[in-house]
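Everything below concerns the one structure shown next.
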Amino acid sequence: MKRLLTMTISLLLIMPTAYASEVVAAGDLCPAGSPGHCAETSQTALSLGPDAVLTLGDNQYDTGTLAEFMGSYDKAWGGLKSITYPQAGNHEWESGLVGYRKYFNDPRFYTDGNSWYSYDLGDWHIVSLDSECAKIGGCNVGAPENTWLANDLANDTHACTLAYFHRPLFASTKTGSGTSKVRPLWKLLVADGTELLLNGHRHNYERFAAQDELGNATPNGMVEFIIGTGGKSMNPFGIIAPNSVARVRAYGVGDFMLNSGAWSMEFIDTSGTTLDSAAGTCLA
């Protein structure tokens, strides 16, 4: 009996730690009129049984009106609404976020009426930011969102942090870069030791090695993922950006396991095939 107990304890000690939270993420989701491919990605997300869903902006095309949301997004990703933590993109701002706010009407998603917020999942702090800098008073130091983010990060005590917003700073586009206006947000996140950043906007999947806001590869930087593969259309890759380590053109979702002190992820297409994977430990 003692030997059996010892063997059982030994087996328990070598078993991998169970994940604290499973999070599915994707952006650039549903075309106007009918769900199209976003119905397929929503089924992939649903099949994974996640604890939370993060939408990375441009949830509903073309202008994000409530009628468009109900006619397309709600018929697909609406089945996951109760566990969805959304963020807006440029297409929702085409209608001034009116439809977005009516559809995602949970007050938790708005800090003092603004389109940014934070929350905790297990041992992780999660920050949802709006990257439409021209619409929200800027993203520079002193702007409302920047000031809020600095305070939010300063007051958080979690060892691990994940952030997400729509427009990427780095991307393999025609110019080999993304949207420089979000660099001040990057600077704050990197300085605080944020591990993961999820973006959309580019209609493809791309993963970067850890880097800082200037694009310098560093183990103390953030790992950026572009997951704009939710269903709208596919963009070609352009000039391959520095530190880009994986690129995929396929509809699918990012599946993240947020453990205590570590993370792992897979990019899973709508056939259920894993096309990329990565893992790491938290910086703090």
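Rule-based calculations on the coordinates, nothing more; no lab input. Here the structure is a predicted model, which is why all the values come from computation and not from measurement. Because the Cβ atoms are built from the backbone with ideal geometry, glycine has one as well, and the counts that use them run over all protein chains shown.
The P(r) of segment 178-236 has a tail past 18 Å containing 35 percent of all C-alpha pairs.
Highest GNM mean-square fluctuation, the chain, Cα pairs closer than 10 Å: which of S115, S244, S271? Judging by the Gaussian network model, the answer is S271. With neighbour counts taken as other beta-carbon atoms within 10 Å, the residues L214, L275 rank, fewest first, as L214, L275. For the chain, modelled as a GNM whose springs connect Cα atoms under 10 angstrom apart, the maximal fluctuation among P236, P184, P168 occurs at P236.
Please give the FRET efficiency for A209 paired with K187, using the beta carbon to beta carbon distance and R0 = 25 Å, rounded to the nearest 0.05. List each step's numbers first, then the result.
Details: r = 18 Å, r/R0 = 0.73.
Computed FRET efficiency for A209 and K187: 0.85.
Using alpha carbons only, how many degrees (0 to 90, rounded to 10) separate the axis of helix 183-192 from the longest principal axis of the chain? Between helix and principal axis, roughly 20 degrees.
Taking the number of Cβ atoms within 10 Å of each Cβ as an exposure proxy, the fewest-first ranking of Y119, Y251 is Y119, Y251. Counting only Cβ charges, +1 for Lys and Arg and -1 for Asp and Glu, the dipole size of segment 162-284 around its Cα centre is about 540 debye. Taking the inverse of the mean 1/r over every pair of distinct Cα atoms in segment 20-281 gives a Kirkwood hydrodynamic radius of 17.8 Å.
Round to the nearest 0.05 the FRET efficiency obtained for T111 and L48 when R0 = 25 Å and r is the Cβ-Cβ distance.
Working: r = 29 Å, r/R0 = 1.15.
Working from the Cβ atoms, E equals 0.30.
Of the residues C30, C139, the one with the fewest other Cβ atoms within 10 Å heads the list, and the complete ranking is C139, C30. Note on the chain: with a GNM built from Cα contacts shorter than 10 Å, the maximum mean-square fluctuation among T175, T274, T41 falls on T175. Positive-end ranking of L66, G142, G36 along the dipole of the chain, with charges on Cβ about the Cα centre, is headed by G36. Farthest towards the positive end of the charge dipole of segment 20-281, among the residues S271, L121, T179, is the Cα of T179, using unit charges on the Cβ of Lys, Arg, Asp and Glu.
Per the Debye calculation on segment 121-180 with a single equal scatterer at every Cα and no solvent contribution, log₁₀ I(q)/I(0) for q = 0.23, 0.28 Å⁻¹ amounts to -1.00, -1.15.
What does the charge count near V53 come to, summing +1 for each Lys or Arg and -1 for each Asp or Glu among other residues with Cβ under 12 Å from its Cβ? Don't jump to the answer; show the numbers that get you there.
Values: positive: K81; negative: E22, D51, D255.
Neighbour charge sum, excluding V53 itself: -2.
Note on the chain: helix-only mean residue ellipticity at 222 nm, from DSSP H runs of 4+ residues weighted -39500 (n - 2.57) and normalised by residue number, equals -6000 deg cm²/dmol. Principal-axis analysis of the Cα atoms of the chain puts helix 144-155 at an angle of about 10° to the longest axis.
For segment 18-173, the square roots a ≥ b ≥ c of the C-alpha gyration tensor eigenvalues yield an a/c of 1.5 or more together with a/b not exceeding b/c, which makes the shape oblate. Projected onto their three principal axes, the Cα atoms of segment 172-284 cover extents of 36, 35, 19 Å, largest first.
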